[in-house]
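First the structure, in the form of structure tokens, and then the observations on it.
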Amino acid sequence: MDKIVVENLKYKYPLTDKLVLNDISFKIEKGQFIGIIGQNGAGKSTLCQAITGLVPLFFKGAYGGRVLVDGIEVAKSNISDISLKVGMVFQNPFTQVTGSKLTVYEEVAFGLENIGLNREEMKNRIDEALNLLGIYRFKDRNPFDLSGGQMQRLAIAGIIAMQPDVIILDEPTSQLDPQGSEEVFKAVWDLKKRGITIIMVEHKMEKIAEYSDKVLLMHDGKVIDFDTPEKIFSRDDLMQYGVIEPAYTRICKAFDIKDSGLYPVTLDRACEMVVKYNEHN
Amino acid sequence: MKSLSLYQERDSIIHEIEPINKLLYILTTILIMIIVPSIKCAVLCMIISLMLLLKANVIKKVLPIINFSFIILISIIIIQGLFNINNKTVLFNIGKIKFYKEGMMYSALIVIRVINILCAFALLVLTTKPSDLIEDLVRRGLSPKIGYVLSSVLQIIPQMTSTMGTIMDAQRSRGLETEGKLINRIKAFFPLIGPVVMNSLIATRERAMALEIRAFSSKNKKTFLNETKSTKLDSSLKYIFIAAVILSIIWRAAIWTK
Ligand SMILES: Nc1ncnc2c1ncn2[C@@H]1O[C@H](COP(=O)(O)OP(=O)(O)O)[C@@H](O)[C@H]1O
Ligand SMILES: [Mg+2]
């Protein structure tokens, strides 16, 4: 069964005139890694918030169409029920620290206390989440004393502990230094390997190409394309949507190195094809 | 990490007592002083508070708190000593200025009461983490939302002031004068408002969303990671407080019927 179904989704913020989401439809299967790309203002964040139900519950505005998670209509459910199925990580690690907890360990407990989990189960889940994100050794630190990358991993740990099947990450590394970004990408990849469905908005196209099963290309509130990274990055009109393909793809495009009409999008695949290309010429 | 808190980490039995009991202690102290308005009673309360502060090993930290109100206390003594309407007996004089016994006694009572209340509060704030106090209150029925606001304010305000510092540095590096003459500081303040306000508005909205995603509005009954460490002492303290209040009422009634 499809994990997430978006049907003819339309949405307009209370203060904007045009549709920020303009008739969007797509389906995501369980366990897939979906990359969302598009230039600033394309509506990526709004779409993410619509999948969790923050839009329209949090922002009101005009809303049409449906978002279904496990067949349940998000806009008609309670957000705290949806949060058990779909977790979300935002750009700024700092705003995701609740600010009401004094230690990393307690910080992860925040959501679990809210859903009324018993203490034993709570501790098990916190230990597991902190270990998974590699921040167990900071468990007694104040959350505000972590580095950006550590703080963002803490935010993910707080979400993981709720055991959602789907995690949405909206530009989780845009405010981090390269090292912090790597830490987060590695953590996200570990989650994918555990069978969690991942939706990630990201501007680092190399990462999108490497990780994604499918890529959703958005522009001006519309879905332009939803396909494999090879198909998406082989398009010749990407510039028009403010997207630049991964460097390997760009080089292969320049030399017209392709295989059945598709350019490579990862380093390994590009090397392979360059070697083959050399042998032929 | 800076936090708005006067908490002093010590190993004492007072630190172990439930926060709610320390709140009740403040309440009991105030009640007793209202019911029994004698200076002896106030002194007795003060001695008890000071002994408890000593036991908690935080007595040194009380002085700054009392110092804080020192000027007000001194002015009460001077004004009452000079001008209380009941003033009759001269206690002493400095040159031509006469200090009267009645006013001095009256102000002594006020001063001891203020110090009493300060000491009782100090016992709470010096030996209790604010977050523990708030969590204790939430367990006893305070709305978790109010609890959240109270505890997050303590941490997020120091964070916001450091954001302000960062923005100020950024603007200084672009050549804005933020120091020196008052007019410079005022001029520097306005370009600061924009980024700081925008920053905190956006941050607040994002934080609110992040909280919702973590089931902040869940209708389930909340549970707590930390166990309550309610001891026998904690439950007996509540009876002791009630007994103290009842005793003082009886004492007061006895005086009246005489
Ligand atoms: N809270 C809001 N109120 C009004 N308009 C908004 C709000 N958030 C975003 N928008 C507008 O909606 C459009 C899409 O924004 P967004 O979903 O944030 O795009 P992206 O994440 O792709 O950059 C933009 O034109 C933006 O200005
Ligand atoms: Mg965005």
From the square roots a ≥ b ≥ c of the eigenvalues of the alpha-carbon gyration tensor of chain A, which class results: rounded (a/c under 1.5), prolate (a/b over b/c), or oblate?
oblate
If Lys and Arg each add +1 and Asp and Glu each add -1, what is the summed charge of the other residues whose beta carbon sits under 11 Å from the beta carbon of residue A:53?
-1
Phi to ³J(HN,Hα) by Karplus 6.51 cos²θ - 1.76 cosθ + 1.60 over region A:153-161, Hz, x for Gly, Pro:
5, 4, 4, 5, 4, x, 7, 4, 4
Dividing the convex hull volume of the alpha carbon atoms of the protein assembly as shown by its residue count, what do you get in Å³ per residue?
229 Å³
Calculate the mean, over all residues of peptide B:219-227, of how many other protein chain Cβ atoms lie within 10 angstrom of the residue's Cβ.
6
Once you average over the residues of A:111-120, how many Cβ atoms of partner chains fall within 10 Å of each Cβ?
6
Solvent-accessible area of residue A:182 with every protein chain in place, 1.4 Å probe, in Å² to the nearest 10:
90 Å²
So for B:16, A:171, B:9, what's the accessible-area order with a 1.4 Å probe, most first?
B:9, B:16, A:171
Distance between the C-alpha centers of region B:189-258 and region A:1-71? Whole Å please.
39 Å
Under 17 Å from the Cα of residue A:101, which aspartates and glutamates turn up, not counting those fewer than eight places away in the same chain?
A:113, A:127, A:140, A:145, B:132, B:135, B:136, B:212, B:227
May I ask you to list the trypsin sites (Lys or Arg not before Pro) in region B:195-229 that are in a DSSP loop and have at most 11 other Cβ atoms within 10 Å of their Cβ?
B:219, B:221, B:229
Whose amide H sits under 5 Å from the amide H of residue A:169, counting only residues 5 or more places off or on another chain, with H placed in the peptide plane?
A:89, A:199, A:200, A:201
Separation between the residue A:23 and residue B:4 pseudo-spin-labels, each 7 Å from Cα along Cα→Cβ, expressed in nm?
5.2 nm
Report, to two decimal places, the Cα Rg of chain B normalised by 2.2 N^0.38 Å (N = number of residues).
1.37
Pull out a ≥ b ≥ c, the square roots of the eigenvalues of the alpha-carbon gyration tensor of region A:64-220, then state rounded if a/c is under 1.5, prolate if not and a/b is larger than b/c, and oblate in the remaining case.
oblate
Per-residue HN-Hα couplings for region B:148-163 [Karplus 6.51, -1.76, 1.60; θ = phi - 60°; Hz; x = Gly/Pro]
4, 4, 4, 6, 6, 4, 4, 9, 7, 4, x, 5, 5, 5, 6, 4
Using 7 Å Cα-to-Cβ label points, what is the residue A:8/residue B:184 separation (nm, one decimal)?
6.5 nm
Under 22 Å Cα-Cα from residue A:253, which lysines qualify once same-chain neighbours fewer than 8 residues away are excluded?
A:204, A:207, A:214, A:231, A:276
Given the whole protein assembly as supplied and a 1.4 Å probe, what does the accessible area of residue A:210 come to in Å², nearest 10?
110 Å²
Any residue on another chain or 5+ positions along whose placed amide H is under 5 Å from the amide H of residue A:225 is listed here as A:217
Going through the cross-link list A:139/B:129; A:10/A:186; B:61/B:238; A:12/B:222; B:40/B:258, which pairs have a Cα-Cα distance over 29 Å in this structure?
A:10/A:186; A:12/B:222
Computed accessible area, residue A:245, all protein chains, 1.4 angstrom probe, square angstrom:
30 Å²
How big, on average over all directions, is the shadow cast by the Cα convex hull of region B:136-213, in nm²?
6.8 nm²
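The values are calculated or read from the model by the stated rules, or taken from the named source; none is laboratory data. All values reported here derive from a predicted model rather than from experimental measurement. Using ideal geometry, Cβ is built from the backbone for each residue, glycine included, and neighbour counts are taken over all protein chains shown. The protein model used for the area step is the full one, side chains on, heavy atoms only, and it has no ligands, DNA or RNA in it. Shrake-Rupley method; radii C 1.70, N 1.55, O 1.52, S 1.80 Å.
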